[in-house]
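A.B. asks: Here it is, the structure, as structure tokens.
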Protein chains: 2
Amino acid sequence: MARRQLLKAINRSTILNVIKSHGPIARTDIARLTALSPAAVTGLTAGLIDNGLIYEQEEGNSRGGRRPILLALDASGAYVVGVKLDEDFATLALTDLNARIIEREQVQFEVRDAQSVAARLAECIVELLQNARVDQSRMLGIGMGVTGIVDRKLGVLRMSPLNSWREIPFADLLESHLDYPVYLDNNVNTLTLAEQLYGAGQHVHDFLVVTIGRGVGLGIVTGGVLYRGARGGAGELGHIPIDANGPLCTCGKRGCLETFVAEPWLLRRAKLNGLDVNTPDDLVHAADAHDLNALDVFSKAGTALGQGIATLIQLFNPAQIIISGEGVRALEHLRATMHEGIRKQCFDPFIEDVEITVKALNDDIWARGAASLVLSEVFHNPQVQQPVMNLSGG
Amino acid sequence: MARRQLLKAINRSTILNVIKSHGPIARTDIARLTALSPAAVTGLTAGLIDNGLIYEQEEGNSRGGRRPILLALDASGAYVVGVKLDEDFATLALTDLNARIIEREQVQFEVRDAQSVAARLAECIVELLQNARVDQSRMLGIGMGVTGIVDRKLGVLRMSPLNSWREIPFADLLESHLDYPVYLDNNVNTLTLAEQLYGAGQHVHDFLVVTIGRGVGLGIVTGGVLYRGARGGAGELGHIPIDANGPLCTCGKRGCLETFVAEPWLLRRAKLNGLDVNTPDDLVHAADAHDLNALDVFSKAGTALGQGIATLIQLFNPAQIIISGEGVRALEHLRATMHEGIRKQCFDPFIEDVEITVKALNDDIWARGAASLVLSEVFHNPQVQQPVMNLSGG
DNA sequence: TTTCTTAATTCATCGTAAAAATAAAGCTGC
DNA sequence: GCAGCTTTATTTTTACGATGAATTAAGAAA
């Protein structure tokens, strides 16, 4: 982006973000919040109205003078598709600018290779758009969340437990079937973006999202920006070492946090305790019924999780931790030992600084998170590009 | 900052940073690297020359036409004082814009209360400035690094092992004696800033600095910005849980990483092994002489450190880890078990992504780091302020 | 020499935001 | 019910700052 347009783009984005988080809001208040002049706000909001991203909603109440004209996000100003990809199925959601789901769909895969999965997925997306009958020109793109390590810039799935995929250029595969840009990221990152844009992280600059389910994941927001690490792999909380002599994890390492907390491992440990359970729900029910063996499994999981979260608190000193994922239905049984672990292993001031909230989750919300990956582009504040690092010859 | 001046300030900072990291450099090359027009570069560099931050160094070699005039940082364009504060003494350094030490001093304290220490320190700073005879109008301020948890914005030492201080407004205390602004931060953070500005982190956007000495510290740079956490406490690597049944740490928790790796604990463990050692150097010498008991202490320390670093790699997927601190003199004896721990507990791609470097350290370098705290203000790229979060009532 | 190339500056122009003036609309008080 | 005040929004004027083109500077190639 040329330098000339940069300032305007920044201001435009700032205003859009203010309207998103404070709207409906009058132009004067926008000027106050952004420290821009009223004249600038008039001009920039006019552009946003032209683009259909905001609209003049209604007149507010007078505060002693002319009644303000309240500006609000036009939810139908943009649409995106979010995809949560699992091993043998995917959940799709069409959402509006507020990440509200307009149309959903599930698809079962009979195939397992990336090429075929992408082709099948593309069919479903076309179908989804036809069913919804939204203005196609307002479609911004496809966001996709996947378990594993993703190089987001390249749109490549570097390493995933799904079908043991390695180095799959999934964004390109999908784009070859569709006319929309495809954004790919780790599914915990997409969920974290959703929390940042629309959830508990809206007004927090430093927070973490911990997901518990078939695995254990971590989304990191530092200074208001999602942190992805050198090559997109940041946040492998499930595979930090907890017990060097622990069982061999699916990742090939020993004693990862996941081997204490993730659902497949909870089941395995329950069976070792002599319990006859086949699903995570079975295990939760057993614990609900005060089965001591089940409670023991959860108690130990809580201890391990507490140690993991304590590690996070000591390293990040976060303002907020959001615990989410399918596994939170069992959290009641983990809570005591988890909090004990945190209390015992964190500095008191850090415990005061952090607010821990729990949030249930389902496939829809995952897909909505994936949609947020695209929506985050709309609200993204363009920053100055850092200078190129090497002199290009001649 | 008013919006009008923002773009210019950003461009000015961008150019200054390019000159710092690529200088001496011709204006045309600056224009190429920054994507600014040659005319803009001429104007902005003229301002920087006026301010004395850069100067026209010499003419470079012609590349077929007029010889370029190379611009370089004017090291004497700004001076700062860096202070490394210890329990009973402090190390002071006056540095130029390149963080090169011009004058140094050490001061021993006979007092222990913060008020008196600040007063004594102020005397020394005045003395240091008199000795050095630098242009006082070019003094930017005092940077101070302290062990402990620091709220940098407030300049308050929240919690420190030094004299068991709690909630000390040290920046204010020192400012009351001096005419320069005082910046206070955790000493590992100041060191990390030095690495970012002048060291191995210059061209890396995501890196970590691990320090080993009397404690174990961590500096975190994410997206090119030093991350400090919600209230300045981020990076307590020394107090992440390693062994829930471990010894009681000075912090009151059990089995912190420090109890395996920090120097006082190495000595304690050596004595338990029957060794007669009084200083860390004694212990290193014993290990140098292949004493099995000493080697055992270091071997176990390496294992614990490996686990700690593995945790970091899994969570941050960093491009670089710099290991530093007084303790690196013993690193040779830790290295094998440390690397084994990393290898065994990290994903292979992450190990490929990260470069681990080791860097020795002394009090001078700590003080230079503290100076970088002030210097980082000079090179800081002003960003758009995020809008205020709450509407102020009419 | 002449001509071409690269470097740096000058000058006119244009985009953008600020400041000031104006218009619109409602409240308050007599 | 109307004058005068307040608040909101827009229009006009002004100033700043970056761009692009033209110009000057200085060396290399032929």
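Readers should treat all values here as calculations from the given coordinates under stated rules, not as data from a laboratory. Here the structure is a predicted model, which is why all the values come from computation and not from measurement. Quick reminder, even Gly has a Cβ in these numbers, built from the backbone with ideal geometry, and neighbours come from all protein chains shown.
A.B. asks: Amide H to amide H under 5 Å from residue B:70: which residues, 5+ apart in sequence or cross-chain, H placed 1.01 Å off N in plane?
C.D. replies: B:57, B:58, B:59, B:60
A.B. asks: Just to be sure I understand: if I project the alpha-carbon convex hull of the protein assembly as shown onto a plane and average over all orientations, what area do I get in nm²?
C.D. replies: Mean orientational projected area (the protein assembly as shown, Cα hull): 38.8 nm².
A.B. asks: Starting from the Cα-Cα distance between residue A:282 and residue A:340, subtract it from 0.36 nm times their residue separation and give me the gain in nm to one decimal.
C.D. replies: Stretched out fully, the residue A:282 to residue A:340 stretch lengthens by 18.3 nm.
A.B. asks: Find how many whole Å separate the alpha carbon centroid of the stretch A:226-261 from the alpha carbon centroid of the stretch A:105-152.
C.D. replies: Value for the Cα centre distance between the two parts: 29 Å.
A.B. asks: Provide an ascending nm list, one decimal, of label-point separations from residue A:100 to the equivalent residue in each further copy; define each label point as 7 Å from Cα along Cα→Cβ.
C.D. replies: 6.4
A.B. asks: Run the quick spin-label model on residue B:131 and residue A:67: label points 7 Å from Cα toward the beta carbon, then report their separation in nm to one decimal.
C.D. replies: Placing both labels 7 Å beyond Cα along the Cβ direction yields 7.4 nm.
A.B. asks: Output the 0 to 90 degree angle, nearest 10, between the alpha-carbon long axis of helix A:187-198 and the longest principal axis computed from the alpha carbons of chain A.
C.D. replies: 40 degrees
A.B. asks: I would also like to ask the following. Report the calculated FRET efficiency for residue B:28 and residue A:39 (r = Cβ-Cβ distance, R0 = 45 Å), to the nearest 0.05.
C.D. replies: 0.75
A.B. asks: Write down the percent of antiparallel bridges among all DSSP beta bridges whose residues are both part of chain B, to the nearest 5.
C.D. replies: Antiparallel bridges: around 65 percent, rounded to the nearest 5.
A.B. asks: Count, for each residue of A:28-40, the Cβ atoms from other chains sitting within 10 Å of its Cβ, then give me the mean as a whole number.
C.D. replies: If you average over the peptide's residues, the count of other-chain Cβ atoms is 3.
A.B. asks: Still on this structure, I have one more. Taking the number of other C-beta atoms within 10 Å as the exposure measure, put A:251, B:346, A:124 in order starting with the fewest.
C.D. replies: Exposure proxy ranking, most exposed first: A:124, A:251, B:346.
A.B. asks: If you don't mind, there's one more thing I want to ask. Roughly how many nanometres apart are two label points built 7 Å out from the Cα toward the Cβ at residue A:154 and residue B:179?
C.D. replies: Simple spin-label model gives 5.7 nm for this pair.
A.B. asks: Using only Cα atoms, tell me the angle between helix A:38-50 and the longest principal axis of chain A; keep it within 0 to 90° and round to the nearest 10.
C.D. replies: For helix A:38-50, the angle is close to 70 degrees.
A.B. asks: Taking θ as phi - 60°, what are the ³J(HN,Hα) couplings along the stretch A:129-145 by the Karplus curve (6.51, -1.76, 1.60), each to the nearest whole Hz, with x for Gly and Pro?
C.D. replies: 5, 5, 4, 7, 6, 8, 4, 4, 5, 9, 6, 8, x, 10, x, 9, x
A.B. asks: Over 18 Å between C-alpha atoms is what I'm after, so list which of B:153/B:359; B:300/B:344; A:344/B:253; A:153/A:253 land there.
C.D. replies: B:153/B:359; A:153/A:253
A.B. asks: Under the convention of a label 7 Å out along Cα→Cβ, give the distances in nm from residue A:135 to the same position in every other copy, shortest first.
C.D. replies: 5.9
A.B. asks: Based on the mean of other beta carbon atoms within 10 Å per residue, what is the order of A:185-193, B:235-243, B:134-142, most packed first?
C.D. replies: My ranking of the peptides, most packed first, is A:185-193, B:235-243, B:134-142.
A.B. asks: Quick one: dipole size for the protein assembly as shown, taken about the Cα centre, charges +1 on Lys/Arg Cβ and -1 on Asp/Glu Cβ, in debye to the nearest 20.
C.D. replies: Charge dipole, the protein assembly as shown, about its Cα centre: 1640 debye, nearest 20.
A.B. asks: Ok, one more. State to the nearest 20 debye the size of the charge dipole of the stretch A:1-87 about its Cα centre, where the only charges are +1 on K and R beta carbons and -1 on D and E beta carbons.
C.D. replies: 560 debye
A.B. asks: Can you give the FRET efficiency for residue A:225 and residue A:111, using 1/(1 + (r/R0)^6), R0 = 22 Å, r = Cβ-Cβ distance, to the nearest 0.05?
C.D. replies: 0.05
A.B. asks: Which residue, chosen from A:307, A:321, A:28, occupies the Cα position most advanced towards the positive end of the dipole of chain A, where the dipole is computed from +1 (Lys, Arg) and -1 (Asp, Glu) charges on Cβ about the Cα centre?
C.D. replies: So the residue furthest toward the plus end is A:28.
A.B. asks: Also: How many Cβ atoms of partner chains, on average, are near each residue of A:298-311 if near means within 10 Å of its Cβ?
C.D. replies: 2
A.B. asks: For residue B:329 paired with residue A:58, estimate the spin-label separation in nm (one decimal), with each label point 7 Å from Cα along the Cα-to-Cβ line.
C.D. replies: 7.4 nm
A.B. asks: In the protein assembly as shown, what percentage of the DSSP-assigned beta bridges are antiparallel, given to the nearest 5?
C.D. replies: 65 percent
A.B. asks: For the ranges B:108-116, A:33-41, A:270-278, what's the packing order if you count other beta-carbon atoms within 10 Å of each residue, average per peptide, and put the highest first?
C.D. replies: Top of the packing list down: A:33-41, A:270-278, B:108-116.
A.B. asks: Identify which of A:335, A:63, A:231 has the largest mean-square fluctuation in a Gaussian network model of chain A, with springs joining Cα atoms closer than 10 Å.
C.D. replies: Of the options given, A:63 has the highest mean-square fluctuation.
A.B. asks: Residue A:54's amide H: which non-local residues (gap 5+, or another chain) put their own amide H closer than 5 Å, with H modeled 1.01 Å from N in plane and none for Pro or chain starts?
C.D. replies: A:49, A:74
A.B. asks: If you don't mind, another one. So if I place +1 on the C-beta of Lys and Arg and -1 on the C-beta of Asp and Glu, and nothing else carries charge, what would the dipole magnitude of the stretch A:221-302 be about its Cα centre? I want it in debye, nearest 20.
C.D. replies: In debye, rounded to 20, the stretch A:221-302 gives about 540.
A.B. asks: If amide H atoms are built 1.01 Å from N in the plane of the peptide, which residues on other chains or at least 5 residues away come under 5 Å of the amide H of residue B:86?
C.D. replies: Under 5 Å from the amide H of residue B:86 lie the amide H atoms of B:91, each far enough along the sequence or on another chain.
A.B. asks: Shifting gears a bit: Restricting to the stretch B:203-333, what percent of DSSP beta bridges are antiparallel, rounded to 5?
C.D. replies: Here the share of antiparallel DSSP bridges comes out near 70 percent.
A.B. asks: Using the Karplus curve 6.51 cos²θ - 1.76 cosθ + 1.60 with θ = phi - 60°, what ³J(HN,Hα) values do you get for each residue of the stretch A:205-219, in whole Hz, with x for Gly and Pro?
C.D. replies: 8, 10, 8, 10, 10, 10, 10, 10, x, 5, x, 10, x, 8, x
A.B. asks: Starting from a label point 7 Å past Cα on the Cβ side, list the distances from residue A:329 to the same position in the other copies, nm, shortest first.
C.D. replies: Copy-to-copy label distances for residue A:329: 5.9 nm.
A.B. asks: Return the calculated 222 nm mean residue ellipticity for the protein assembly as shown, to the nearest 500 deg cm²/dmol, obtained by summing -39500 (n - 2.57) across DSSP H runs with n ≥ 4 and dividing by the residue count.
C.D. replies: One gets -13000 deg cm²/dmol as the mean residue ellipticity at 222 nm.
A.B. asks: Highest GNM mean-square fluctuation, chain A, Cα pairs closer than 10 Å: which of A:214, A:32, A:268?
C.D. replies: A:32
A.B. asks: Using a 10 Å cut-off on Cβ to Cβ distances, tally the other chain neighbours for every residue of B:342-353 and report the average as a whole number.
C.D. replies: The shielding value for this peptide is 5.
A.B. asks: Here is a further query. Among A:298, A:350, A:170, which one shows the biggest mean-square fluctuation in a GNM of chain A, springs joining Cα atoms closer than 10 Å?
C.D. replies: Comparing A:298, A:350, A:170 in the GNM, the peak value goes to A:350.
A.B. asks: What residue among A:93, A:284, A:217 has its Cα farthest toward the positive end of the dipole of chain A, where the charges are +1 on Lys, Arg and -1 on Asp, Glu, each on the Cβ?
C.D. replies: A:217
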